[in-house]
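Take a look at the structure set out below.
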Amino acid sequence: MTPIETRNERLAQKMIKNLERRHFEACYCKTSEEAIKKVLELIPEGSSITWGGSATIRETGITKALHEGNYIVMDRDEAPDREAAQEIYRKAFCCDYYLSSANAISEDGVIVNIDGNGNRVAAITFGPKKVIFVIGMNKVAQDVQSALARARSTASPINAARFDIKTPCQADGMCHNCNSAECICNYIHFMRNSHPAGRHIVILLGEDKGF
């Protein structure tokens, strides 16, 4: 293994223990191929599935694999307009499985996400029977404060640029703690435990995926 692979695997094993202490189910997948296999193992055929705006689950090929499988897939990317996309947001609460990543995760297992509309953090919190996180090891921060800083100063400006949203951070890449009408940091979500126990599953991924 390379030094990076060694570090990721060792850190992931420590984080899995911390996540299990917080009542998550957790595992480590070294590659995207392993992560796809794990997701397909976790989700029974015929299940209803949707996801948020995660770049990670798209980059890994997980969404493509789900489309090709025997599942009821509700994909906001295929919605013809914003109204149809919002209907999928609402249907997420009745899904069997919801997939997401995270903007950051602390070494002791607190997951941090920031939303503009709040649909993702709402579904993570309540509704779908199970939530599966796929989180690249590039998103690990030393503690909760560092995780929040990563979410606001790294993930948010990149996502603003990704969706071409006219915010101050899109203009210069820096968080301005703004109250812009187009702000994408309206809902800040700290997840410190899975409740009910085991509802949330975390797959730590040994690749740099997403933002």
Test: residue in segment 28-48 that is under 16 Å from Arg120 (Cα atoms) and not aliphatic (A, V, I, L, M): no
Test result for Glu33, open to solvent by 70 Å² or more (accessible area, probe 1.4 Å) and within 17 Å of Thr56 (Cβ to Cβ): yes
Answer from Arg150, Arg120, Arg90, Arg82 - the residue that is touching a helix residue (DSSP H, G or I) at 6+ places or on another chain (Cβ under 8 Å) and among the basic types (Lys, Arg): Arg150
Count of residues meeting criterion [closer than 19 Å to Lys14 by Cα, of a type outside the set (Asp, Glu) and part of a loop (DSSP other than H, G, I, E, B)] in segment 173-211: 5
Number of the condition not met by Lys17 [criteria: (1) under 24 Å from Gln142 (Cα atoms); (2) among the basic types (Lys, Arg); (3) buried (at least 17 other Cβ atoms within 10 Å of the Cβ)]: (3)
Matching residues, segment 186-203, being open to solvent by 30 Å² or more (accessible area, probe 1.4 Å) and more than 18 Å from Trp51 (Cβ to Cβ): Asn186, Ile188, Phe190, Arg192, Asn193, His195, Pro196, Ala197
Selection status of Arg10, open to solvent by 90 Å² or more (accessible area, probe 1.4 Å) and either modelled with pLDDT of 95 or more or touching a helix residue (DSSP H, G or I) at 6+ places or on another chain (Cβ under 7 Å) (or both): yes
Some residue of segment 66-86 being touching a Phe, Trp or Tyr at 6+ places or on another chain (Cβ under 9 Å), of a type outside the set (Asp, Glu), surrounded by 20 or more Cβ atoms within 10 Å (Cβ to Cβ) and modelled with pLDDT of 95 or more: yes
Residue in segment 151-172 that is farthest from Gly136 (Cα to Cα), counting only those that are open to solvent by less than 40 Å² (accessible area, probe 1.4 Å) and either free of Cβ contacts under 8 Å to residues at least 24 places away in the same chain or in a helix (DSSP H, G or I) (or both): Thr167
Members of segment 117-149 found to be assigned to a strand (DSSP E or B) and closer than 13 Å to Trp51 by Cα, listed by number: Lys130, Val131, Ile132, Phe133, Val134
Number of the exception - Glu207 against (1) open to solvent by less than 90 Å² (accessible area, probe 1.4 Å); (2) over 30 Å from Met1 (Cα atoms); (3) among the charged types (D, E, K, R): (2)
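The values are calculated or read from the model by the stated rules, or taken from the named source; none is laboratory data. Treat the numbers as computed from the prediction; the structure is a model and nothing was measured. Using ideal geometry, Cβ is built from the backbone for each residue, glycine included, and neighbour counts are taken over all protein chains shown. When the accessible area is computed, the model is the full protein with side chains, heavy atoms only, and any ligands, DNA or RNA have been set aside. Shrake-Rupley method; radii C 1.70, N 1.55, O 1.52, S 1.80 Å.
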